[in-house]
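The values are calculated or read from the model by the stated rules, or taken from the named source; none is laboratory data. Source: prediction; values computed, not measured. Please note: Cβ atoms are built from the backbone with ideal geometry, for glycine as well, and neighbour counts cover all protein chains shown.
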Amino acid sequence: MNNGAHNGHGALMTPKAVEDDLLDKGRLRGSTFRIAVIVFAVLSVLGVVGFVIRLADGFGNTPVWGYHAALFAFILTAAQGAPMVAIAPRIANAHWRRSISRVAELFSLVGIVSFVIYIPVAWALPSMEDGRRTLWFYGELNMPAHMPEITTTLVLLALTVNGLWLLWVSAMPDFAMLRDRSTGKKKVWFSRLARGWVGTSGQWNWQKHRLGILGAFYFMMLVTAHFAFSLDFGMSLVPGWIDALYPATHAHNSLQAGVAITLITMYVLYRFGGYKDYINLDQFWGLGKLLFSLSLLWFWFWFSSFIIFWFGAKPSEEAVLDLLFVGPYLPIFFIVFTFAFLVPLWAMIWNPLRKSVWGPVTIACGVLIATLFDRIRVYVAAFSVSESTNKHLMVEIPGAVLPDVADVLIWVGGISACILIYMLGTRIIPPINIWEQKEVLLYRIHKPFHRTEVQVLGKPE
Amino acid sequence: MASTNTQWGMVIDVDKCIGCQGCVVACQSENNIPINTEDLFNQRRAIEWIRVERYWEGEFPDVKARFIPILCQHCNDAPCEPVCPVFATYHNNEGMNVQVYNRCIGTRFCANNCPYHVRFFNFWEPEWPETLTNQLNPDVTVRSRGIMEKCTFCIQRIRRTSREAARDGEELSDDSRELNPACVNACPTDTLFFGDLNDPDSKVAKLAKEEMSDDGRGYHLMPQYGTSPNVIYLKKVDESTKDSNGSHE
Amino acid sequence: MQEHVQLTQKQINDDLLSSVLHTPRWWWPAVIVTGIIFLTGMGAFGYMLNQGVGVTGLNRPVFWGAYMVNFVFFIGISHAGIMISAILRLTQAEWRRPVTRAAEVLTVFSLMSALMAAPLVHVGRPWRADLWVFPYDFARGIWINIRSPFIWDPSAVMTYLTASSLFVFIALIPDLAVIRDRASGYTRKFYALMAMGWRGTPRQWKLQAIAGILLSALVLPVFVSVHSIVSWDFAVQIAPEAWHSTIFAPYFIIGAIHSGVSAVATLMVIMVWVWGWDKYLKPDHLDAIGRLLIIVATTWFFFFFLEWVFALYTLEDAELAMRDLQVFQWPWSGLFILFLVTAYFIPVPMWLFKSIRRSYFWMFVTTILVNIGMWLERFLIIVPGTMRRGEFIFDWGSYHPSIIEILMVIMTFAWVVLGMLVFTKLFPLIPLFDIKEGMVGRDEIRIGRRIVPASIRE
């Protein structure tokens, strides 16, 4: 099947069957789920412990906060980029996204955790009084010395709220189904969440438009967030790092990592969640192709930046290349380059691998690891440059900063907290979009065509 | 061929420059550069391999006119070299940045990428008045239209002296008039010095060593481009005008 | 929504082959007029060869001028073909069908124009430029300098030209067979030769489809590399401050798509007006292109914004002086405003309205405006960029194109028009087989009271 959603399960061909099946799955959760929740909760507490240890160093010591900043950057890049995987194909009306979109949208919940992690980063960022070059022309325009923190906070808040709103609007019809089938206190809660949804044409039109607008805004906010964070918390700390493309690269990495994290989550649902009837080769194949093209673009974005610095070879540029690529972080850069580009390129051109379930998922794990290391490379390095005596040239390149116990604890805790909130989210919101599943049943018919039978797929305007 | 150990370079003592333009004229006649008429200047197509830039130092009452001769810096990491598609400009084994006229196809890429702006394009076929055709230097090619040219450190003089030195079995004498580029010989105030920067006994090497130290007067032009030029400028920082940067107004 | 008209195969043949089998009355005059314009430009070129590059307005700080602008502009236009054909084919957008060939042919001819603009008339010694576009002669042991972007450039452009010519040809084969069966005499021989024995067997169709998809996938990296490399002609340089920016490659690419897709929209309207193919090129198609253009233009504007932000971020005197020149000093300030208004601020708000997107006239006007704006964009990057408000005041200068340059710029435009005119006389500009395939493959699904257009998928 080329492009259509294909459930491949005879019993699930009616809307009613789909609804029953998915709602049942949402209600029944095994003991494994409960154990996993407890484990991740405990690990999250460890993160808090790590944070307290780190706090003892104080906010004045910028370099030690590098790993914390990198953790936030990683979550912003991977988890908050994931909803785009729902938004983009929905705007393009691609049918294969139907069982993916909720999995991706649920990552909006992680925005809450990521915002909490962000707060200390804002404190650790040195004020603009140190005279470094920023976008805010501090000194020229008499800006407040904490302009970067203020704007980034506002943008991140907007992004998180926008994501949650999008998730809610998208889940509204599903909440209504849950409302109709639950009793007691649950019914009250679900009816509040469903906001009187009964499925009139007006409500569906309203929802369609809201999804479009919120999706477009989410994309803009995401790009703005990456722009603000990469510029104010990364580039401006490194004298001479004048890379106009980097904010766009940062946002592109977010799309790539978002696809990767969605693929992995889908695999978990497919393998352990019992959603084999909804998630199948089509989804992995579609996302795999997307990941492949985004990995090729990764190279293009990276190379477009790199060649300018490398060919230009001004002293200021060579210092930046030394810091970020060939200097103390060379091994990390190798890992990033291998898993974000080389492995996806050489593995995904191989047809059997691209058209399998395990193939794209394995590649996605690599991409996620690459994103993780990439953020460490950029932000740990940027935070370690504390001297900004010369605005244009990094005179001395700092050595590699290695993580200590606190950093490891913060990383483990932060990532566990993200997984935890996602798992708890699936308790309330069905991880497969029920209304989108039912919708496709209307659009797809099979009919005879000459000597064969073909699938006819409707594409509404 | 001279030994590959040679690194030709120049030292320019800006403090001594009086802006007389003698070097410009000497260069013009040594290297068969077409006459820069008023019309050519108006077209902004005049060719001066070495030029004297005038700039002001200081604020109004204490203003000083300064001059700085600018010629090809013969950069070791020359931005003009990698961009030429046909290797018309390349680095030779004596540390010079040389231009091969026959290879040049005139993309003007090198000229764009030169921060010092010392590369010149032949917009027209060069012409001399009838009376001057016999004064052309036979050792130097007359460049046709459509190609780039620039300062060569008077390579024809270097070649001739080293050839003659090799023939006579003599050491190439540094800082001799035969070896020096025309501009160095013409300078009335000894602003320009030429020689082998790799030969520790040469005048330029001594000057470079002495002046590039921390308390010396030496600097490279536009170090922010990282071109590592073979031309060193010497200038005493004027304490009275230190606070206000030199301006070109 | 889609006012679909089911057409018979005979009618499709009659409509779309009308330009090939009959010569419209205006055709010869049009060819002669553009031919004269082209030859005038060639005459100007000959004059420049004879006199030297001095006959242009180029001077010492501004070494690159209108020719380079034209080169970048036509490379930009050429991005339309692959954008429409390859990307929309791979994403199976139905509305691409009638547009593909026109876009591809535009690609081929604008690439030729680009090659005419940059290596041919731009360089100082064009008679030697062949040594650069094609590998240098080995015998003398001098190889080309592969570090130079001017070597990457011809390699990428020639690859792109080869690939897009193949693209056009492969899609043309089934249609050539249709013409062959309707022609007689020597024209029949010509088309029979070109059709390479096409009979429409299942195997032939399969091979043709595979070739199309393979070419689409393989040409995409070329598509991205071509304009990236064109941008690196500028961006790798360190001396002109405004050019040394990492954003250039994506900025140029998205700008190229912006102007290229706009040019295709213009071409579509012209096709409707000239041949009356409104049954094939419907307002729906313009609507789809309009929506695509809104996204493309806004992305382009974002990159434009990034470029500016980081130009100011440097706070370097030379860069700021260049920006000041670009925005505040006459005549650049006027051109800058004209560029912004035509490339973005008039067309995009207009495209937000469905009635504009679906109007032939307004789409024609807005897309022409976009291309005026995009030409000015390249002009404003290249010329003020080289004007160097740098450290040496003796090198500050200005530029305006001379009449010779203007004639040659017009010549490159005339070449594209001439090429398209000749092409439409020889080959159908709308792919017959693609239209027929779309007609066969389309269906409708009734959901409740609504009828939703649908397509058959394997």
Inset, instruction - Output the residue which, of all residues in the range B:62-103 that are within 14 Å of another protein chain (Cβ to nearest Cβ) and free of Cβ contacts under 8 Å to residues at least 24 places away in the same chain, is farthest from C:Pro154 (Cα to Cα). - result: B:His91
Inset, instruction - Pull up the range B:220-245, narrow it to residues that are in contact with a Leu (Cβ under 8 Å, 6 or more places away or on another chain) and not aliphatic (A, V, I, L, M), then point me to the one that is modelled with the lowest pLDDT. - result: B:Gln224
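Within the range A:375-386, is there a residue that is within 30 Å of A:Leu135 (Cβ to Cβ) and surrounded by fewer than 15 Cβ atoms within 10 Å (Cβ to Cβ)?
At the first step, the residues of the range A:375-386 found to be within 30 Å of A:Leu135 (Cβ to Cβ) are A:375-386.
From what is left, the residues that are surrounded by fewer than 15 Cβ atoms within 10 Å (Cβ to Cβ) are A:386.
Scanning the range A:375-386, I find at least one residue that is within 30 Å of A:Leu135 (Cβ to Cβ) and surrounded by fewer than 15 Cβ atoms within 10 Å (Cβ to Cβ), so the answer is yes.
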Legend entry - Which numbered condition B:Gln7 fails, given (1) within 17 Å of the chain's Cα centre (by Cα); (2) of a type outside the set (Lys, Arg); (3) surrounded by fewer than 16 Cβ atoms within 10 Å (Cβ to Cβ): (3)
Legend entry - Residue in the range C:247-277 that is surrounded by the fewest Cβ atoms within 10 Å (Cβ to Cβ), counting only those that are within 14 Å of chain A (Cβ to nearest Cβ) and of a type in the set (A, V, I, L, M): C:Ile254
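Would you mind finding the one in A:Ala248, A:Ala244 that is assigned to a helix (DSSP H, G or I), modelled with pLDDT under 95 and farther than 18 Å from A:Glu105 by Cα? Working first, answer last.
Working: A:Ala244 fails: assigned to a helix (DSSP H, G or I).
So the residue among A:Ala248, A:Ala244 that is assigned to a helix (DSSP H, G or I), modelled with pLDDT under 95 and farther than 18 Å from A:Glu105 by Cα is A:Ala248.
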Inset, instruction - Could you tell me which of the residues C:Trp143, C:Trp132, C:Trp127 is closer than 24 Å to B:Thr107 by Cα, modelled with pLDDT under 90, crowded, with 21+ Cβ neighbours inside 10 Å and of a type in the set (Phe, Trp, Tyr)? - result: C:Trp132
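Within the bounds of the range C:28-37, is there any residue that is farther than 30 Å from B:Arg119 by Cβ, more than 26 Å from the chain's Cα centre (by Cα) and not polar (S, T, N, Q)?
No; the residues of the range C:28-37 include none that is farther than 30 Å from B:Arg119 by Cβ, more than 26 Å from the chain's Cα centre (by Cα) and not polar (S, T, N, Q).
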Inset, instruction - For the range A:322-369, name all the residues that are among the aliphatic types (A, V, I, L, M) and more than 27 Å from the chain's Cα centre (by Cα). - result: A:Val326
Inset, instruction - Among what's in the range A:269-314 and is assigned to a helix (DSSP H, G or I), modelled with pLDDT under 90 and over 17 Å from A:His95 (Cβ atoms), pick the residue that is farthest from the other protein chains (Cβ to nearest Cβ). - result: A:Arg271
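Taking the range B:117-132 on its own, how many of its residues are more than 18 Å from B:His74 (Cα to Cα), within 14 Å of chain C (Cβ to nearest Cβ) and either of a type in the set (Phe, Trp, Tyr) or without any contact (Cβ under 8 Å) to a residue 12 or more places away in the chain (or both)?
The qualifying residues number 2.
Quickly run through the range A:421-459 and pick out the residues that are away from every other protein chain (no Cβ under 14 Å) and part of a loop (DSSP other than H, G, I, E, B). Walk me through how you get there before you give the answer.
As a first pass, look at the range A:421-459 and keep what is away from every other protein chain (no Cβ under 14 Å): A:421-437.
Selection gives A:Ile429, A:Pro430, A:Pro431, A:Ile432, A:Asn433.
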Inset, instruction - Check A:Arg377 against each of (1) among the charged types (D, E, K, R); (2) farther than 30 Å from C:Thr314 by Cβ; (3) more than 14 Å from chain C (Cβ to nearest Cβ) and name the one condition it does not meet. - result: (2)
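Being surrounded by fewer than 24 Cβ atoms within 10 Å (Cβ to Cβ), within 14 Å of chain C (Cβ to nearest Cβ) and either basic (Lys, Arg) or in contact with a His (Cβ under 6 Å, 6 or more places away or on another chain) (or both) narrows it down to one residue among A:Ala228, A:Ala251; which is it?
Working: A:Ala228 fails: either basic (Lys, Arg) or in contact with a His (Cβ under 6 Å, 6 or more places away or on another chain) (or both).
Checking each option against the conditions leaves just A:Ala251.
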Legend entry - Pair list, Cβ < 7 Å and 6+ apart or interchain, from the range C:49-69 residues that are facing chain B (nearest Cβ under 7 Å) and part of a helix (DSSP H, G or I) to residues that are buried (at least 23 other Cβ atoms within 10 Å of the Cβ) and of a type in the set (A, V, I, L, M, F, W, C): C:Val53/B:Phe123; C:Gly54/B:Phe123
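Looking at the range B:27-47, which of its residues are crowded, with 16+ Cβ neighbours inside 10 Å, in a loop (DSSP other than H, G, I, E, B) and more than 18 Å from the chain's Cα centre (by Cα)?
The initial filter retains those residues of the range B:27-47 that are crowded, with 16+ Cβ neighbours inside 10 Å, namely B:27-28, B:30-34, B:40, B:43-47.
Checking the rest, the ones that are also in a loop (DSSP other than H, G, I, E, B) come to B:31-34, B:44-47.
Passing the criteria: B:Arg44, B:Arg45.
Condition check ((1) at pLDDT below 90; (2) more than 26 Å from C:Pro61 (Cβ to Cβ); (3) in a helix (DSSP H, G or I)) across all residues:
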| position | (1), (2), (3) |
| --- | --- |
| B:Val98 | no, no, no |
| B:Ile105 | yes, no, no |
| B:Ala111 | no, no, yes |
| B:Glu125 | no, no, no |
| B:Thr131 | yes, yes, yes |
| B:Pro138 | no, yes, no |
| B:Ala165 | yes, yes, yes |
| B:Asp174 | yes, yes, no |
| B:Phe194 | no, yes, no |
Inset, instruction - Check the range C:318-330 and report whether any residue there is surrounded by 20 or more Cβ atoms within 10 Å (Cβ to Cβ), more than 30 Å from C:Asp14 (Cβ to Cβ) and within 14 Å of chain A (Cβ to nearest Cβ). - result: yes
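So that you can scan it fast, the table gives a plain yes or no per residue for (1) at pLDDT 90 or above; (2) part of a loop (DSSP other than H, G, I, E, B):
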position	(1), (2)
B:Trp49	yes, yes
B:Ala65	no, no
B:Pro69	yes, no
B:Cys72	yes, yes
B:Ala78	yes, yes
B:Pro82	yes, no
B:Pro85	no, yes
Inset, instruction - Kindly list the number of the only condition in (1) hydroxyl-bearing (Ser, Thr, Tyr); (2) modelled with pLDDT under 90; (3) within 26 Å of C:Ile294 (Cβ to Cβ) that fails for C:Tyr344. - result: (2)
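Any idea how many residues of the range B:51-61 are outside any loop (DSSP other than H, G, I, E, B) and either more than 12 Å from chain C (Cβ to nearest Cβ) or hydrophobic (A, V, I, L, M, F, W, C) (or both)? It would help to see each step written out before you state the result.
Here is the first cut: in the range B:51-61, the ones outside any loop (DSSP other than H, G, I, E, B) are B:51-57, B:60-61.
Filter once more, so that each one left must be either more than 12 Å from chain C (Cβ to nearest Cβ) or hydrophobic (A, V, I, L, M, F, W, C) (or both): B:52, B:56-57, B:60-61.
Residues that pass the stated criteria total 5.
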Inset, instruction - Taking only the range C:347-377 into account, find how many residues are touching a helix residue (DSSP H, G or I) at 6+ places or on another chain (Cβ under 6 Å) and not in a helix (DSSP H, G or I). - result: 1
Legend entry - Flag if C:Arg446 is basic (Lys, Arg) and assigned to a strand (DSSP E or B): yes
Legend entry - Of all residues in the range C:377-398 being buried (at least 20 other Cβ atoms within 10 Å of the Cβ) and aliphatic (A, V, I, L, M), the one that is nearest to C:Phe252 (Cα to Cα): C:Ile381
Inset, instruction - Look through the range A:186-224, keep the residues that are assigned to a helix (DSSP H, G or I) and hydroxyl-bearing (Ser, Thr, Tyr), and return whichever of them is surrounded by the fewest Cβ atoms within 10 Å (Cβ to Cβ). - result: A:Ser201
Inset, instruction - Among what's in the range C:431-458 and is more than 8 Å from every other protein chain (Cβ to nearest Cβ) and in contact with an Asp or Glu (Cβ under 7 Å, 6 or more places away or on another chain), pick the residue that is surrounded by the fewest Cβ atoms within 10 Å (Cβ to Cβ). - result: C:Ile451
Inset, instruction - List every residue pair whose Cβ atoms sit under 9 Å apart, with the two residues 6 or more apart in sequence or on different chains, where the first one lies in the range C:147-162 and is at the interface with chain B (Cβ under 7 Å from one of its Cβ atoms) and among the small types (Gly, Ala, Ser) and the second, anywhere, is surrounded by fewer than 22 Cβ atoms within 10 Å (Cβ to Cβ) and assigned to a helix (DSSP H, G or I). - result: C:Ser148/B:Pro82
